[in-house]
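J.: My questions will all concern the structure given below.
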Amino acid sequence: MNKWIDISQPLTNDNAHWPRDIPFSFKLTYTKEQTSSVNVGHITTSLHNGTHLDAPFHVHSTGKTIDELNINCFIGTALVVDVHHTNKITTEHLEKYNYDDVKHVLLRTSFPNSPKRFPKQIPFIDPTIAPFLHKKGIVLLGVDLPSVDPLDSKALATHHALNRCNIHILENIILGHVTEGLYTLIALPLAIQGADASPTRAVLQPLEKENNV
């Protein structure tokens, strides 16, 4: 059996984070020496640090929260698409692929994803890819970017377009060590009641059949 490939960012105390948002921090509350039995730690973090899934509630006050989402949407066949040759990703770059039995699309962009550095600019994802992917039966779009929209966007057109098409959003994955092709994806969020997002451990396994598209 093929080995699983981790495509998630490790959460560390020096992770880059969204400006003015809460950084990730892990600390020991009690040490084994203090308790005589165990180490006990705690974390503080924005839910949008590192690899994470956005819930519709992130951009819609009446949208579903992360604990209300169907976990079956986060397990299944994924197509990794290499779009590193462009900084504007449109349907034109996705049309040549076969989406039979594919539930998830992961975009490997030109962005050199670095967990320690928050970017000033990222590749643009055209909102029109949302209805295109919806027609192909896609239920999740993953990106190796901190957002599917420009970093200074307030309208969040691509977030809204994907939500209208019932396509879930997985952000801040790492795909530099992954080749284009078909995989099994597992990207499960935590069941945080009422939350707008969740940290996610995302992993891929190459399909046993020939890994081509």
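The values are calculated or read from the model by the stated rules, or taken from the named source; none is laboratory data. Just so we're clear, the structure is a prediction, and the values are computed from it rather than from any experiment. Neighbour counts run over all protein chains shown; Cβ positions are idealised from the backbone, glycine included. Heavy atoms of the whole protein, side chains included, go into the accessibility calculation; ligands, DNA and RNA do not. Shrake-Rupley method; radii C 1.70, N 1.55, O 1.52, S 1.80 Å.
J.: Considering only residues that are of a type outside the set (Gly, Ala, Ser) and surrounded by 15 or more Cβ atoms within 10 Å (Cβ to Cβ), which ones fall in segment 70-88?
T.: Initially, segment 70-88 is screened for residues of a type outside the set (Gly, Ala, Ser), giving 70-75, 77, 79-88.
73, 74, 75, 77, 79, 80, 81, 82, 83, 84, listed by residue number.
J.: Would you mind telling me which numbered condition in (1) of a type in the set (A, V, I, L, M); (2) under 24 Å from residue 17 (Cα atoms); (3) open to solvent by 10 Å² or more (accessible area, probe 1.4 Å) residue 182 fails?
T.: (2)
J.: Additional query: Looking at segment 61-69, is at least one residue part of a strand (DSSP E or B) and at pLDDT 95 or above?
T.: Among the residues of segment 61-69, not one is part of a strand (DSSP E or B) and at pLDDT 95 or above, which makes the answer no.
J.: Still on this structure, I have one more. Those residues that are open to solvent by less than 30 Å² (accessible area, probe 1.4 Å), outside any strand (DSSP E or B) and either more than 21 Å from residue 119 (Cα to Cα) or in contact with a Pro (Cβ under 6 Å, 6 or more places away or on another chain) (or both), I need them from segment 166-179; list them, please.
T.: 167, 172, 178, listed by residue number.
J.: Then there's this: Assess whether residue 194 counts as being at positive phi, touching a helix residue (DSSP H, G or I) at 6+ places or on another chain (Cβ under 9 Å) and at pLDDT 95 or above.
T.: Judged against the criteria, residue 194 is a match.
J.: Right, something else. Just for segment 148-161: of the residues that are crowded, with 20+ Cβ neighbours inside 10 Å and out of contact with any strand residue (DSSP E or B) (no Cβ under 6 Å at 6 or more places or on another chain), which one is farthest from residue 103 (Cα to Cα)?
T.: 149
J.: Name the single residue, out of those in segment 107-139 being among the aromatic types (Phe, Trp, Tyr) and in contact with a Leu (Cβ under 9 Å, 6 or more places away or on another chain), that is surrounded by the fewest Cβ atoms within 10 Å (Cβ to Cβ).
T.: 118
J.: Moving on to the next point. How many residues, within segment 185-208, are more than 19 Å from residue 44 (Cβ to Cβ), small (Gly, Ala, Ser) and surrounded by fewer than 16 Cβ atoms within 10 Å (Cβ to Cβ)?
T.: Within segment 185-208, residues that are more than 19 Å from residue 44 (Cβ to Cβ), small (Gly, Ala, Ser) and surrounded by fewer than 16 Cβ atoms within 10 Å (Cβ to Cβ) number 1.
J.: Answer yes if at least one residue in segment 144-165 is in contact with a Gly (Cβ under 9 Å, 6 or more places away or on another chain) and either basic (Lys, Arg) or not in a loop (DSSP other than H, G, I, E, B) (or both), and no otherwise.
T.: Looking through segment 144-165, at least one residue is in contact with a Gly (Cβ under 9 Å, 6 or more places away or on another chain) and either basic (Lys, Arg) or not in a loop (DSSP other than H, G, I, E, B) (or both).
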